[in-house]
Amino acid sequence: MTYCVGMMLDRGLVLMSDTRTNSGVDNISVFPKMFHWEVPGKRVIAIMTAGNLATTQYVISQLEERNKAPKDRHNTLLEAPTMFQVAAIVGKLLNETIRERQSFNGQDGSGKFTASMIVAGQIEDMEPRLFMIYPEGNFIEASYDTPFFQIGETKYGRPIILRGYDKAMSFEDAVKLMMVSFDSTLKANLSVGLPLDMMVIEKDNHAPLHTKRITAADPYFQKISSSWGEALKRAFYSLPGYSFEDEAE
């Protein structure tokens, strides 16, 4: 399983993903699920992946190969004129990959080769944009009504973001909010695990402002985890107590 979050802010974009993959409790590995490409001063594009590892790795490898292709070839992430077209390229490639794998293995429907992706970035003279790509190749775009996307194991960390998100919040507060969301997910689901990869993309910077791999030994993440647990206990015991007495008497 996987957990990835992409979030829109007034200041730009914040992305975070876990790195755990597993084929059972005795076969756990670490693989990155966040990738990015940039043309300094012109564009920055990031992709996060969830689903079948072989499928997502094939898609990322194909994108890498296209970006290395001779200049007389087109439709690469570094040449697409808009982020919408970037999302369309990724969606088309993802759907083609899934259908090819299914056909090769004699499988109909979505099945075990399914995958989804989050695409984020900015192209020069345009606004930062955020998309969620479905296995069918279609996609939706984030807005200030729907300002963040999650893929993978979403249910445990979603309530944290829903309650804490503010589009005007600082990058630092957004990172803290995501860490709380990921900590809640890590506690609830062993198939999501450290280390975490994090990226901050500032509007009009066209390059990652900050990147970090967060390990189990990271002192800030440890502090967030322990402090959040303590804060939840204090909040719980501060709530009004329930009484078995009949209030109507």
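Just so you know, all these numbers are worked out from the coordinates, no wet-lab data involved. What you see is a predicted model; the values in this text were computed from it and never measured. Here the Cβ is made from the backbone with ideal geometry for all residues, glycine too, and neighbour counts use every protein chain on show.
So here's what we get for this one:
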item	result
Hz values of 3J(HN,Hα) by residue in the stretch 78-85 - Karplus curve (6.51, -1.76, 1.60), Gly and Pro given as x	8, 10, 4, x, 9, 5, 4, 6
Cβ crowding within 10 Å averaged over residues, with 138-147, 152-161, 95-104 ranked highest first	152-161, 95-104, 138-147
In nm, spacing of pseudo-spin labels at N22 and Y144 (7 Å Cα→C-beta vector)	4.1 nm
Sum of side-chain charges, M83 neighbourhood, beta-carbon under 9 Å (Lys, Arg +1; Asp, Glu -1)	0
Exceeding the 19 Å Cα-Cα cut-off - candidates K176/K223; K187/K233; K68/K212; K203/K223	K68/K212; K203/K223
Structure-based [θ]222 nm, the chain - -39500 (n - 2.57) summed over DSSP H runs of at least 4, per residue, nearest 500	-11000 deg cm²/dmol
Cβ-derived FRET efficiency at R0 41 Å, E96 paired with D204, nearest 0.05	0.75
Whole-angstrom gap from the stretch 44-62 to the stretch 79-130, using each part's C-alpha centre	9 Å
Reference-scaled alpha-carbon Rg (2.2 N^0.38 Å with N residues) for the chain	1.12
Calculated from backbone phi, Karplus (6.51, -1.76, 1.60) coupling profile of the stretch 29-46 in Hz, x at Gly/Pro	9, 10, 9, x, 10, 10, 9, 8, 9, 8, 10, x, x, 10, 6, 9, 9, 10
Degrees, to the nearest 10: 171-188 long Cα axis against longest axis of the chain	80 degrees
Point-to-point label distance, K223-F236, nm (Cα→Cβ direction, 7 Å offset)	2.5 nm
